[in-house]
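Everything below concerns the one structure shown next.
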Amino acid sequence: MELRHLRYFLAVAEELHFGRAAKKLNISQPPLSQQIMQLEQELGVKLFQRSKRQVKLTRAGEMFARESRLVLVQVDHAATVAVQADQGQIGQLTIGSVLSVDSVMHRTFVEILQAYAKRHPHVRIALRSMTTPQQIDALRTGRADVGFLTGNLAHDALLATEPVQRDPLMLAVPRDNHLAARRSVSMNALAAEPFIIVSRHLAPAYHDLIVTWFRDQGFSVNAAYESDNLFSTYTLVECGLGVALLPESLDNVRRDVVFKEVNVKTPSLELLVAYRRDTHSEVLRSFLAVVREVVAK
């Protein structure tokens, strides 16, 4: 039994006339009658009661027609699913992210997700909050499909990255700190302040970016406190425990923290999208296409 047998049978069942059914199928009547007879022989039951004046479904034919319609609906659905999967329109996408809700980078990330969800509503998105090292491990082991991180993976043989956005770093100081009244802060003044730095274990790229910048200016970091992310760093500054280099976009929070320029050029924190180089996922390909469109704007 082949799918065409089911389609031929249903055409006759709907028309209850072999001539009209043959015309509907764009075939001649004798081959259609022959196919129906072969189907009945294979099943071992009569599907139609035939006479010179009319064609009627038997009880077995009625039941077979109902089940045949379900089979063909499922077959058509399977074909649609295959096409959608090939085009990256269905499936699941697991995304890792390091972003805080207060940053400009977060708003760009939201724009990406909104655009993708609108274009591919049948893809199930699973969002995971992960540090950069956690994302790298998840990408390597296949527990995540794509990540938004700040790590430098330029020489990684397995993972590829693409730039999404840069956020310049500024000096964040408590509002009642003596540096808050200055127009800009010198390196000498900055180096003397207790500094809050993100743990290298949790954010190696961000940590190394700051340490290297201090060293390039001929200073070392007076690391008094350690944090685990940008939000906790901001909180420690807000508590008056020290100063920190934070993304400029966090300046819009405007609580008890003042953002100041340093009298030498500060580095920028770069957000990257990361994924495996050897991926064959069409869902990921369609997601990366949206990322590139948003970044291009």
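Points worth noting:
- Flag if Val146 is touching a helix residue (DSSP H, G or I) at 6+ places or on another chain (Cβ under 9 Å), over 23 Å from Thr94 (Cβ atoms) and either of a type in the set (A, V, I, L, M) or surrounded by 13 or more Cβ atoms within 10 Å (Cβ to Cβ) (or both): no
- The single condition among (1) surrounded by 15 or more Cβ atoms within 10 Å (Cβ to Cβ); (2) among the hydroxyl-bearing types (Ser, Thr, Tyr); (3) over 20 Å from Ala180 (Cβ atoms); (4) free of Cβ contacts under 8 Å to residues at least 60 places away in the same chain that Tyr275 does not satisfy is (4).
- As a summary of the residue check, Pro247 satisfies the conditions (1) crowded, with 20+ Cβ neighbours inside 10 Å; (2) out of contact with any Ser or Thr (no Cβ under 9 Å at 6 or more places or on another chain) except for the one numbered (2).
- Every condition in (1) free of Cβ contacts under 8 Å to residues at least 40 places away in the same chain; (2) in contact with a strand residue (DSSP E or B) (Cβ under 6 Å, 6 or more places away or on another chain); (3) part of a helix (DSSP H, G or I) is met by Tyr225 except one, and the failing one is (3).
- Remark: Leu202 matches the filter, which requires a residue to be crowded, with 17+ Cβ neighbours inside 10 Å, within 36 Å of the chain's Cα centre (by Cα) and not in a strand (DSSP E or B).
- Residue satisfying condition, being in contact (Cβ under 8 Å) with a residue 12 or more places away in the chain, within 24 Å of Asp208 (Cα to Cα) and not small (Gly, Ala, Ser), within set Val295, Val257, Val290, Val283: Val257
- Of all positions in region 156-173, none carries a residue that is in a helix (DSSP H, G or I) and in contact with a strand residue (DSSP E or B) (Cβ under 7 Å, 6 or more places away or on another chain).
- Scan of region 1-40 for residues that are without any contact (Cβ under 8 Å) to a residue 24 or more places away in the chain and part of a loop (DSSP other than H, G, I, E, B), ordered by number: Glu2, Asn26, Ile27, Ser28
- Comparison of Ile196, Ile125 shows that the only residue that is at pLDDT 95 or above and assigned to a strand (DSSP E or B) is Ile196.
- Region 41-63 - residue that is touching a Gly at 6+ places or on another chain (Cβ under 9 Å) and either assigned to a strand (DSSP E or B) or of a type outside the set (A, V, I, L, M, F, W, C) (or both) and, of those, farthest from Leu6 (Cα to Cα): Gln49
- Selection status of Pro174, surrounded by 16 or more Cβ atoms within 10 Å (Cβ to Cβ), assigned by TED's automatic domain parsing to the domain that holds Val264, touching a residue at least 60 places away in the same chain (Cβ under 8 Å) and under 32 Å from the mean Cα position of the chain (by Cα): no
The values are calculated or read from the model by the stated rules, or taken from the named source; none is laboratory data. Small disclaimer: the values here were computed from a predicted structure and weren't measured. FYI the Cβ positions are ideal-geometry reconstructions off the backbone, even for glycines, and counts take in every protein chain you see.
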